[in-house]
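Notes for the one structure printed next.
The values are calculated or read from the model by the stated rules, or taken from the named source; none is laboratory data. Here the structure is a predicted model, which is why all the values come from computation and not from measurement. Using ideal geometry, Cβ is built from the backbone for each residue, glycine included, and neighbour counts are taken over all protein chains shown. Note: areas computed on protein heavy atoms with side chains; ligands, DNA, RNA excluded. Shrake-Rupley method; radii C 1.70, N 1.55, O 1.52, S 1.80 Å.
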Amino acid sequence: FFVRPLSHLPMSAQSQDRARAAQEILKTYETMRADLSQITAKMLELDQDRNEHSLVVNTIKDLEPTRRCFRLIGGVLVERTIKEVLPAVKRNLEGIEGMVKSLSEARKAKQKELDSYQQKYNIKPATQMTKQVQAAEAKKTGKSGGVLA
């Protein structure tokens, strides 16, 4: 994000207030982006857990129910039968899928909130600004920026 410090110029009280307000807006924006990143990271983690649980269910569902298997519960490896483990793993899988769904909805809501905040205060990420500057330079020089330019 482009915020130029104008420390070499004397600032009036009004311009100092505006600078503080702009800093608060950017701070809030960064907090919202961090929240969105945390939600996304949690979704990815749960998605991996869901894949692992699905793999386990698909692997043991066709085995005989009296066959013994091992399950890690709270850091402790316990011996059980497939008949005991399969329903628990399926329940956990359903719980994970529910969490992924709710996090997906929360992420969409947070993204919508972030987009509206970004539009309200005309915040442009640095990548977007760079693209705009490159497009303006290309337009000024008459180059299209294509491969064969």
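Brief remarks on what is shown
- Any chance V85 is closer than 25 Å to D35 by Cβ, in contact with a helix residue (DSSP H, G or I) (Cβ under 9 Å, 6 or more places away or on another chain) and either modelled with pLDDT of 95 or more or among the polar types (S, T, N, Q) (or both): no
- Condition check for Q111: closer than 30 Å to R33 by Cα and open to solvent by less than 70 Å² (accessible area, probe 1.4 Å): yes
- Count of residues meeting criterion [open to solvent by less than 100 Å² (accessible area, probe 1.4 Å), part of a strand (DSSP E or B) and basic (K, R)] in the stretch 42-79: 1
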